[in-house]
1. How big is segment 11-91 by the Kirkwood estimate over distinct Cα pairs, in Å?
2. So how much slack lies between D131 and E108, counting 0.36 nm per residue of separation and subtracting their Cα-Cα distance, in nm?
3. Figure the gain on full extension for E23 and A180 (residue separation times 0.36 nm, minus the Cα-Cα span) and round it to one decimal in nm.
4. Quick query: amide H of G85 versus all other amide H atoms, modeled in the peptide plane; which residues come in under 5 Å with a sequence gap of 5 or more or a different chain?
5. Between segment 180-213 and segment 87-118, what is the C-alpha centre distance in whole Å?
6. Quick one: compute the contact order of the chain, relative version, from alpha carbon pairs under 8 angstrom and 6+ residues apart, as a percent.
7. Using the C-alpha atoms of the chain, what convex hull volume per residue, in cubic angstrom, is computed?
8. Once every DSSP H run of n ≥ 4 in the chain is given -39500 (n - 2.57) and the sum is divided by its residues, what mean residue ellipticity at 222 nm do you get, rounded to the nearest 500 deg cm²/dmol?
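Bear in mind that the values in this text are calculations on the coordinates, not laboratory data. Values in this document were obtained by computation on a predicted structure and should not be read as measured data. Reconstructed Cβ throughout: ideal geometry from the backbone, glycine too, with neighbour counts over all protein chains shown.
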Amino acid sequence: MLVTTALNVPAQIRRYVDGAEWEPVAIGESRASVFRLRTRAGILFLKMGAASQINGLRAEKERLEWLAGRVAVPEVIAFAMEDDGEFLLLSSLPGANGVEAGHVHPKEITAGLAHALKRLHIQFVERCPFDQSVNAQVRRARQRIAKGLVDESDFDDERIGWSAAEVLAQVIASRPDHEARVITHGDPYLPNVIFAGAEFAGFVDCGRAGVADPYQDLALAARSITFNLGASWVEGFFREYGIAEPDERKLAFYRLLDELF
């Protein structure tokens, strides 16, 4: 559905979007409102969210600017804050996300995602300023719980009826003994991975990117593959990544941690 009347946005954003056609984007689980804009200069994406949101659009802007040149991500066109709102205007990437790219065979999607994550994970971490370790995520989870931001109705089936505090207690009790340190996307569900044909074209929704254990990405990617393509494709994903026998305890732990975000 196209919306021909522009929403109220700050002047820094309006100069790029005057006369644009606005189309809401429903796919994905972004906490921001997302619009695809057909402008005279081409397709742009506008994300709008509350400035009070923990790890909000400013955090995504900073991560996108740091990732630029290291991995394919959208360009930050403009960022603005007004009242309690944040506005992030982004370029588009060529292609379709891993769910909408229905013409591409699941084998190519899973292989492309595996290779993209592997290339990201071998980046040097020394200068990355974004801490996504378990300790850092637990701190943010506590803040989210205190602000009532965790959607308990969206927990996985095995945790239906749990409180966010109970999930956090289980996270703390079951955390792995060791964390590797790599650059991670943080949320590599297939709607956040863009393909041009069968080729990986880039990552979007990078607000959780930072230094973490690779299983942060592997666990969520495997869950998305199971949900969107079918469990039979998960083994091939890990094989393409280079893991013959994935650590099931780590996979379960990072799925559990993700419940709080």
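1. 13.1
2. 5.1 nm
3. 52.5 nm
4. A51
5. 9
6. Averaging sequence separation for qualifying contacts and normalising by length gives 20 percent for the chain.
7. 135
8. The helix-only estimate for the chain comes to -10500 deg cm²/dmol at 222 nm.
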